[in-house]
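**Student:** The structure's right below; bear with me while I get my questions together.
Laboratory data are not the source of any read-out in this text; all were calculated from the coordinates shown. Just so it is clear, the structure is predicted and the values come from calculations on it, not from any experiment. Quick reminder, even Gly has a Cβ in these numbers, built from the backbone with ideal geometry, and neighbours come from all protein chains shown.
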């Protein structure tokens, strides 16, 4: 009986230890995915096109969804190259995208980061919405494979 009890105690400890280790790895992965997104916004604020380019895969895509004056949905596809060039082109006001209430979900080499945001040109509010980032874990870390965002000027929290 003592052997069974001892074995069960060891099995339980191994399970708890493995579970804790898996949680720690998942938290580290989530933090690294979030850091990739933060690096994008830091690069935008600083006008650093090299930093911005470094967070994307080579085939990354950008999509923005908004409503027009007649309340119809409008989809705009953009290129990462065009975005990177725009970030690096000198502009009068700092591009300051502020995210909050960020959620990160990971399944193996895929992460989704959901981030409501408020965008400011310098100190002036421009628009708000939600960013949805799909990231892929590469040999050099998490990279953004696509971003879909919504954009609106009203009903912003």
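**Student:** Of the listed peptides 58-70, 77-89, what is their order by residue-averaged count of other C-beta atoms within 10 Å, with the highest listed first? Please report the intermediate quantities before stating the final value.
**Tutor:** Numbers: 58-70: 12.4, 77-89: 14.2.
For the peptides 58-70, 77-89, the packing ranking is 77-89, 58-70.
**Student:** For the stretch 120-142 and the stretch 38-106, what is the centre-to-centre distance using only Cα atoms, to the nearest Å?
**Tutor:** Each part reduced to its Cα centre gives a spacing of 6 Å.
**Student:** Same structure, new question: Going by C-beta contacts inside 10 Å, put 148, 140 in order with the fewest on the left.
**Tutor:** Details: 148 15, 140 7.
So the residues, fewest neighbours to most, are 140, 148.
**Student:** Can I ask one more? Under 8 Å for C-alpha pairs, at least 6 residues apart: give me the relative contact order for the stretch 30-150, rounded to a whole percent.
**Tutor:** 27 percent
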